[in-house]
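A.B. asks: Below are the structure tokens for one structure; questions will follow.
A short reminder: the numbers here are calculations on the coordinates, not readings from a lab. The shown structure was predicted, so the numbers you read here are calculated from the model rather than taken from an experiment. In this analysis, Cβ positions are derived from the backbone assuming ideal geometry, glycine residues included, and neighbour counts consider all displayed protein chains.
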Amino acid sequence: MNTGLPKVLVTGAAGFVGRALVSELLIKGYQVKALVRKVCGDLPVEAGQVVGDLTALVDGDSSAFPRDDHVGLGGSMFAGVDVVVHLAARVHVMDDTDQNPLALYRATNLDATLNLARQAADAGARRFVFISTIKVNGEGRDTAYRETDVPAPADAYAISKWEAEQGLQRIAADTGLEVVILRPPLVYGPGVKANFLRLMQLIQKGWPLPLGAIRNRRSLLYLGNFVDAIRLCVEHPAAAGQTFLLDDGEAVSTPALIRAVAHAMGRTARLPAVPVRGIEFAGVLLGKRAAVARLTGSLWVDSSLIRSQLNWTPPYSMEAGLAATVAFSQ
């Protein structure tokens, strides 16, 4: 093991991105603590698991994280930790019906995040890598998003992430903690769920998708590329204090994505060219305006800053990422 590498605490370690990140860090020789809500048998045994609930973590209260030596906890959650990668979050929920969704998002994405960062700084951690979202920039537009854009979060999830970013910057100024903020677009890869999985299932069944007339641009991020960028931000000196947008390096239209997924499946995409206005009208009638907007609208990013500042190049092409994603699901 390379003892010169930082010791990393990964929150949300049992999630879609967290499991891949923990595995990659261990392969590269890092020491890893994995923060989980309950013991996870799918994580590598080399990762010391810390069991607790971030929403119960308040200043000075360590009772939310009881000792449990058989899963690698020995002393403080932050003992020996150099870098925290904060993946844990209340994720975006489509058609959230809660009466006060912003309060729920703030409890996890804002309050728990800032408490975690303060305690990490007090314990001697030097860097905090925060996984935010491209939705801080906005819900989409016809030109590429950049780090210099004025943030325009539109829903409770994005607002809570933007507020957390601002709070972390204040903590950085007060404590010297090196904060790195990453804003990914939609992340796909082996084990992906939600809308991307449903899209793959429709393509696999050969259903016609009336999206052939759409001419938009969407950025995506393959899980392997995301994990590689996070790992780089854990250790690269030039990452300190930066906010980076990420993607695979190419923006695709919705029909082009469907064709690429179908090709990876060995199938032919069925894409009738229904006028976009008709699709949007149907979305209004069915109460699915937001979902349709993601299919018809553009949301793409310019990820040149992390490429130039950290000399980062995505190690996987979108074609390779889609092939791996499809192979896992079949």
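A.B. asks: Applying 1/(1 + (r/R0)^6) with R0 = 25 Å to the Cβ-Cβ distance of N195 and T175, what FRET efficiency is obtained, to the nearest 0.05?
C.D. replies: Efficiency for this residue pair is about 0.05.
A.B. asks: Under a crude label model (7 Å from the Cα following the beta-carbon direction), how far is A107 from Q166 in nanometres?
C.D. replies: Each label point is offset 7 Å from its Cα along the Cβ direction, giving 2.2 nm.
A.B. asks: Moving on. If Lys and Arg each add +1 and Asp and Glu each add -1, what is the summed charge of the other residues whose beta carbon sits under 13 Å from the beta carbon of R126? Numbers along the way, then the final one.
C.D. replies: Values: positive: K7, R127; negative: D82, D122, E178, E235.
Here the count lands on -2.
A.B. asks: Right, something else. Would you work out the Kirkwood radius for region 75-168? I mean one over the mean of 1/r across all pairs of different Cα atoms, in Å.
C.D. replies: Answer for region 75-168: a Kirkwood hydrodynamic radius of 14.4 Å.
A.B. asks: Between beta-carbons, use under 14 Å as the cut-off and find the net charge around K205, counting Lys and Arg +1, Asp and Glu -1.
C.D. replies: +3
A.B. asks: Please report, in debye to the nearest 20, how large the charge dipole of the chain is about its Cα centre when each Lys and Arg carries +1 at its beta carbon and each Asp and Glu carries -1 there.
C.D. replies: Magnitude of the dipole: close to 1100 debye.
A.B. asks: May I pose another question? Which one, F78, T325, A156, is farthest towards the positive end of the dipole of the chain when Lys and Arg carry +1 and Asp and Glu -1 on their Cβ?
C.D. replies: T325
A.B. asks: Based on DSSP, what percent of beta bridges with both residues in the chain are antiparallel, to the nearest 5? Write down the numbers at each step before the final one.
C.D. replies: On the way: 2 of 31 bridges.
That works out to approximately 5 percent antiparallel.
A.B. asks: Name the residues whose placed amide hydrogens come within less than 5 Å of the amide hydrogen of V129, ignoring near sequence neighbours (fewer than 5 apart) on the same chain.
C.D. replies: Amide H neighbours of V129: V84, V85, H86, V180.
A.B. asks: For S76 and K205, compute 0.36 nm times the residue count separating them, minus their Cα-Cα distance, and round to one decimal in nm.
C.D. replies: Gain on stretching S76 to K205: 41.4 nm.
A.B. asks: Another question, if that's okay. Considering all alpha-carbon pairs of the chain, what whole percent are spaced by more than 39 angstrom?
C.D. replies: 14
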